[in-house]
Structure formats: C-alpha cells, structure tokens
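Read through the structure below, which is laid out as structure tokens, and then see the notes.
The values are calculated or read from the model by the stated rules, or taken from the named source; none is laboratory data. Everything numeric here is computed off the predicted structure, so don't read it as measured data. FYI the Cβ positions are ideal-geometry reconstructions off the backbone, even for glycines, and counts take in every protein chain you see. Please note that ligands, DNA and RNA were not included when accessible areas were found on the heavy atoms of the full protein model with its side chains. Shrake-Rupley method; radii C 1.70, N 1.55, O 1.52, S 1.80 Å.
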Amino acid sequence: MDQKPNNPQNETNQNDLDSLLKEFQSISSKPEEETSAMAGNVAPSVEVPTPVQQIQSEPVLNETIGTSTIPPVAPGVPTETPSSQPVKITSEPVINPNLNVDLKSGSGDLVESNKEADQADLGNDGPNKGSIIFIFVLFLVIGLFIFFIPTISDFFRNKPGRETKPTPTATAPSTPAATPAEQEKKLTCTMPEETASAYRTTKTAYKYYYNGTKISKVEKIYTNSFSEVTDANRSEYESTQNTCKTLATTYAGITGYAVTCNEANHVFQVSYAYDLLSFVNPTQITIGDKVETIQSDVNYEDDINQVKTKMEAQHAVCK
C-alpha cells in the first residue's frame, strides 16, 4: 500500500491553529489581571470570544481563574478557524466579609452593616423619649400630692357621715361666784363740814356698798384741810403729815380692815375701809402703850334704807 504524501493544506491549517491558540491565550490573560487588581470588590464581567463551530471537540473554560484549555487535535484532522464571536467569562466575586452585597438587585450596590457599631450606637442613645415623659409625669403627680395634702386631710377629717367628737376641755373646779360689781350698788352720805380752827376744816363722808338692801361694805372718808401753813399751825401740820405717812403700816394686818392716807395741797384725805363680811366689829388693838378700839357704825347686812334714814337725821346728804 502506497504512503500518502503530506498534504500542504494540513500544514497550513496546523499553523493557523497555533496562531489562534496564542492569540486566545493572550486575550484570556487580560481578565485574570483585571480580576487580581480588583480584589476586595466585585470583579467586572469580561467578554471573550468563543467559537461558534467546533470540529472534533469544544474548548473547556476554567471559570475559576478565567482561562480556557483546548484539547489537542489529532494530526491530519482539519479544523476551522473559530470566529471572533465573544465568550462571556465571569469570575466569582470576592466579597468583603464585613459587607453585605445585594445580589438580587443586580445593580452591584454594597450595603455596609457593622453589627458591633450598631450595638454601640444603640447603647449610646441614652434614655428614650417614653422614659423621660414617664419620669416627668411621676414627679408631677408627687408634687401635686404634696401640695394638696392639707386639703385631702381636711376632706377625710370632715368626711360626710362621719361624726366628729368634740375635743374635751379641762374644766376648773367650781368656786363660789363672786358678787358681780354691776349688781353692787353704792350710797354716799356726806356730813356737813366742820370748822376745827381758823386755819383748819374737817369733813366726813360715808360710802355704803350693798346688794339688794343688805350692806356688805362701808368706807369712811375723813378730809382734813389746812387753809394755810404758818408758824402758828406749823407744828400741827407737821404732826398730821407724819401721822398720814404711818397710818398704812400702823393698821396693817387687821382682817377686813385697811387704812390709807394721801396729801395734796395741804389737804389730807384718810380712808377707813371695812369689809363687814370678814371684819370683827368691834376690834381692839394695842398701839404703843395704848389700847385702841376699831369699830364700824354699821354691821354686815344692815338695811340700807334704815342707815340712810339715820344719816339724814344727822343732817347728812345721801345720794
């Protein structure tokens, strides 16, 4: 059997295939460089030519690294030069683990979500608005309660239907009621004035205090008047003056009896007061070496009308 000579057409096709492989490898290396440069972001899709018609076998693309491998062609098998129709090669995106990529939108937008930052922001927000309003309302209610405590206390103290017991007050033991002053009447009987000397006059008046018709007290007022003080009566005047000063102490300590003396413009007024309820009528006292008897003209509960008649019979003016 004769051996067939080499076909020049086959050699030409082999040369064309070698040049096509070199060109295809140069083109497929460019997307790998771009993919490496854009690490950390989404790698763009690269369009590369892909053959439309295949003879004997179809090239297999390595999608991981963006390159393609073509199986060897048996010698003597004619191949057609692939057309320049682009082939779409996509590489897997390199995604930052701290970023969220919205793959469904197709727009390639990146949404950054830092969970630790979000939690820190939530912790630094401070009290929310609801808590502030609650605290404000609580303090307002407490303030109003303190302000209206007196009114609330009065309301419960004087609550309708609740009887309030009066606070007991201490009462002092009953004592005999004293005779009211307005019920006590007074009758004054003045005796006619008497002339003691050329320069001295005297006058006596009686004040009777009574309730109803009964006398309870009597006051005898003796007035000793000096018209002038000369050498002729100076000793008498001074003696009367000294007696006036000692009367109060001389008759002190007698039950129901008191003596007072006042001087003004050479006039001496002596008062002898008898409380007939307690005074022992008559009473004797010793002054120095002399015994003196103190006696009232009337007694306790004498009739005022009879006393008035008696005094008027002595030329006294009673009113």
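These residues, Val137, Val317, go from largest to smallest accessible area, 1.4 Å probe, as Val317, Val137. Computed from the Cβ-Cβ distance with R0 of 22 Å, the FRET efficiency linking Ser278 to Lys203 stands at 0.20.
Of the cross-linked pairs Lys245/Lys310; Lys220/Lys245; Lys203/Lys290; Lys245/Lys290; Lys203/Lys308, those separated by over 30 Å at the C-alpha level are Lys245/Lys310.
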